[in-house]
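To start, the structure under review is shown below, and the notes come after it.
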Amino acid sequence: MTRILIVDDEETIRLALRKFLRSRGYEVEVAASGDQAMQILDRESFSLMLCDVRMPGMTGVQVVPQAREKDRDLAIIMLTAVNDAATATEVLASGATDYLMKPVELADLQQAVDRALHKRVQLIEERRLDMLIREEVALRTAELEQEKESLRLMSVSIAETLINAMEAKDLYLRGHSQRVAELAGQLAQELSLDESVCEDLRVAGRLHDVGKIGIRETILNKPGRLTTEEFEHVKQHVRIGLDILAPLFHIKQPLKYVEHHHERWDGAGYPLGLSGEAIPLGARILCAADTFDALTSKRAYREPLEPLAALEHLRIDAGKQFDPSVYDALVTVITRRVASQSTEAHSQSTEARKVRKAAP
Ligand SMILES: [Fe+2]
Ligand SMILES: [Fe+2]
């Protein structure tokens, strides 16, 4: 049953309104003051409150916001003195649904009550729908994100299968992409880039040389210097790679890094000859990781360099081939890596000595 609270300091009005509303089938409570109304609202809930504006103690204007705070769905009709337009505006602004002039005509009251209750139901329904829509949108967004992520993972893993097949055939390339991916991710972390950039670089590292699948093996493994024609052919691995990876347009950033991983800081690289900061930072990082890994890996025509020797070898290229700040990050990461490997090796040999001593 619809419950109505009447708040008025004049007993005759309270009783008359209660009698009328009860006769219309409503369940009615009364309060003689704003304070009393607040106490009742604390323990009971109502659909509608009829509230006098002028009362000793708490006025109707003060009652409205507090009542709303207790129950945001409560419909409120104010009872104002004749010609008090200013107060009427004020109570409407503070959250009342409607107002009636005193003395109240019962027919007007019935209409106002119907209107206020109808509006209340509408508002509750609107809010419920709004919440449903929000929940639905949040759910769909999460699902879409998940689909996008699994599509990304699937596409990357397909490309990786290609790379693994290619590297498996080539003794000198084996593990190259994985190592470049790891090192590029570490360099990005060292440069305090966002985790999303680090992840993009790990993906780019794994994919960067996929185009080598289109390069003649005799050239890839040629001992000694490449002829100009052969070098032009090797350069094609970037374009071929981009063609292979073209369907992965949803991993835009990693593809950008792949596209420019052979650009040089001084502008003498390929495919576009970009220079300095015109080269995407991710590509500058990828280039450093790629070159470092190539130098420290065995090739058909030379033995691998030790990591620290490779850093020394590359020093001259900071500012030429490499972004100097990326080179600095490379020095930090590799020096740290070498130090932790030698600590590990030291503790392993101490362990081994202990075991040998303990042996009978
Ligand atoms: Fe490459
Ligand atoms: Fe490479």
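The values are calculated or read from the model by the stated rules, or taken from the named source; none is laboratory data. The structure displayed is predicted, hence computed values, not measured ones. Neighbour counts run over all protein chains shown; Cβ positions are idealised from the backbone, glycine included. Just so you know, the surface numbers come from the protein's heavy atoms only, side chains and all, with ligands and any DNA or RNA stripped out. Shrake-Rupley method; radii C 1.70, N 1.55, O 1.52, S 1.80 Å.
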remark   = SASA check, D328, accessible area w/ 1.4 Å probe, all protein chains in place, rounded to nearest 10 Å², comes out at 90
Mean-position separation - Cα centroids, the stretch 138-184 and the stretch 40-106, in angstrom = 65
ask   = Which whole-number percentage describes the relative contact order of the chain, with Cα contacts under 8 Å and a sequence gap of 6 or more?
value = 10
Surface per residue (accessible, 1.4 Å probe) for the stretch 62-144, Å² = 63
inquiry  = So if each residue of separation counts as 0.36 nm, and I subtract the Cα-Cα distance between K148 and A352, what length gain in nm does that give?
reply    = 68.5 nm
key: By average C-beta atoms within 10 angstrom, highest first, the peptides 123-132, 274-283   = 274-283, 123-132
query = What is the extension gain from S157 to T335, computed as 0.36 nm multiplied by their sequence separation minus the C-alpha to C-alpha distance, in nm to one decimal?
reply = 60.9 nm
remark   = Honestly the chain on the Cα gyration tensor test (a ≥ b ≥ c root eigenvalues; a/c under 1.5 rounded, otherwise a/b vs b/c for prolate or oblate) is just prolate
request  = May I ask you to give the percent of accessible area on the stretch 269-308 that is carbon plus sulfur, with a probe radius of 1.4 Å?
outcome  = 57
key: Largest to smallest accessible area among T218, T87, T335 [probe 1.4 Å]   = T218, T335, T87
task = Please arrange S47, S150 by accessible surface area, largest first, computed with a 1.4 Å probe and ligands excluded.
result = S150, S47
Rg [Å, one decimal], Dmax [Å, integer] - the stretch 306-360, C-alpha atoms = 17.5, 59
note = So, with points 7 Å from each Cα along the Cβ direction, the A268-Q253 label distance in nm works out to 3.1
message = Counting only protein heavy atoms and a 1.4 Å probe, tell me what percentage of the stretch 57-193's accessible area is made up of carbon and sulfur.
response = 57
key: Distance in nm between pseudo-label sites at Q111 and D130 (7 Å out along the Cβ direction from Cα)   = 2.9
query = Quick one: if you stick a label point 7 Å off each Cα along the C-beta vector at E217 and F231, how many nm between them?
reply = 2.6
note = By accessible area (1.4 Å), largest first, H208, H250, H233 order as H250, H233, H208
remark   = For the stretch 217-279, dividing by residue count, accessible area per residue (probe 1.4 Å) in Å² works out to 56
